[in-house]
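Beneath this line is the structure, given in structure tokens, with notes to follow.
The values are calculated or read from the model by the stated rules, or taken from the named source; none is laboratory data. Just so it is clear, the structure is predicted and the values come from calculations on it, not from any experiment. Every residue, glycine among them, receives a Cβ derived from its backbone with ideal geometry; neighbour counts consider all protein chains shown. For accessibility, only protein heavy atoms count, side chains too; no ligands or nucleic acids. Shrake-Rupley method; radii C 1.70, N 1.55, O 1.52, S 1.80 Å.
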Amino acid sequence: MTPRTLVPSHVAVIMDGNGRWASSRGRPRWMGHARGARTAREVVAHCARLGVDHLSLYAFSSDNWKRPREEVGFLLELFASHLESQLADLLQHGIRLSIFGRRDRLPAALVQAIAHAEARTAHGTRMHLRVAIDYSSRAAIAEAFAQSAVNDSMVTLDAATPAQSLLPPVDLLVRTGGERRLSDFLLWECAYAELAFLDVPFPDLTTEHLDTVFADYAKRERRYGAAPGQTVAVGDDEALAAAVPAARPVAQAQKKL
């Protein structure tokens, strides 16, 4: 078991419910995405203040290309303008920005904005903000295995490349909007993540909601397969297996029942 801590090292957020937030108010869906962008800024700032090391936001999945063309076009323009408008804040607060997912299908202007923002913030050490655009976890896992086969070695975690790569393990995944699924987001990295599903749509997410989720996270005992109350270092599987004594014969054990 790892020590309990109020603040998880890696937080992942599925920012769901923007379109429904707008539709429930009789507004076009793009207004929900615009309001969600403001909420995303507040989430980034709050996580940085709390001491989160890694924050990963699900902005646009590879399946989101199926949405109406007007909505997709607005989202891509919103990403580009958001990168430019928030760059000064990221630099001021020492936050490194990385975008993960495919880039070959994105508009050239957005790809240039991404490269510029990543280069400018590369030396940020306070928190690493990652935003998923045109991302599929299943595709990322398949690519990682393909690279491993080509190189005859394991793929480097979080490789500094525009290609999809594996990120640090997620400690806490938060999904807004009322849905209870991962939707192809960081499936490998969330193998032992604590999950929090909120009924509030993302535009209505507040720092108070995050504080409540973090407080609940701090109460959870993360055992990684160990027994309750057992203190075990994560990643010692080989040493632990070698140290297990010879098992008592099943017949003897059953006699004691």
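The number of residues in the range 197-216 that are surrounded by 19 or more Cβ atoms within 10 Å (Cβ to Cβ) and closer than 20 Å to PHE60 by Cα comes to 5.
Scanning the range 188-205 for residues that are closer than 27 Å to ALA34 by Cα and either in contact (Cβ under 8 Å) with a residue 40 or more places away in the chain or touching a Lys or Arg at 6+ places or on another chain (Cβ under 9 Å) (or both) yields LEU195, ALA196, PHE197, LEU198, VAL200, PRO201, PHE202, PRO203, ASP204, LEU205.
Of all residues in the range 88-134, those that are in contact with a Lys or Arg (Cβ under 6 Å, 6 or more places away or on another chain) and part of a helix (DSSP H, G or I) total 2. Cβ separations smaller than 7 Å between residues 6+ apart or across chains give the following pairs from the range 43-60 residues that are among the acidic types (Asp, Glu) to residues that are surrounded by fewer than 20 Cβ atoms within 10 Å (Cβ to Cβ): ASP53/SER9. The set of residues from the range 135-188 being modelled with pLDDT of 85 or more, of a type in the set (Gly, Ala, Ser) and assigned to a loop (DSSP other than H, G, I, E, B) comprises SER136, GLY177, GLY178, SER183. GLY17 meets the conditions (1) of a type outside the set (Asp, Glu); (2) in contact with a Gly (Cβ under 6 Å, 6 or more places away or on another chain); (3) within 22 Å of HIS128 (Cβ to Cβ) in every case but one. The failed one is (3).
Summed over the range 3-35, residues that are touching a strand residue (DSSP E or B) at 6+ places or on another chain (Cβ under 7 Å) and surrounded by fewer than 21 Cβ atoms within 10 Å (Cβ to Cβ) total 1. Residues considered: GLN92, GLN86, GLN112. Of these, the only one that is within 26 Å of PRO168 (Cβ to Cβ) and open to solvent by 70 Å² or more (accessible area, probe 1.4 Å) is GLN92. Taking residues in the range 19-34 that are closer than 13 Å to PHE202 by Cα and assigned to a helix (DSSP H, G or I), and partners anywhere that are among the acidic types (Asp, Glu) and at pLDDT 95 or above, the pairs with Cβ atoms closer than 7 Å and at least 6 places apart or on different chains are TRP21/ASP204.
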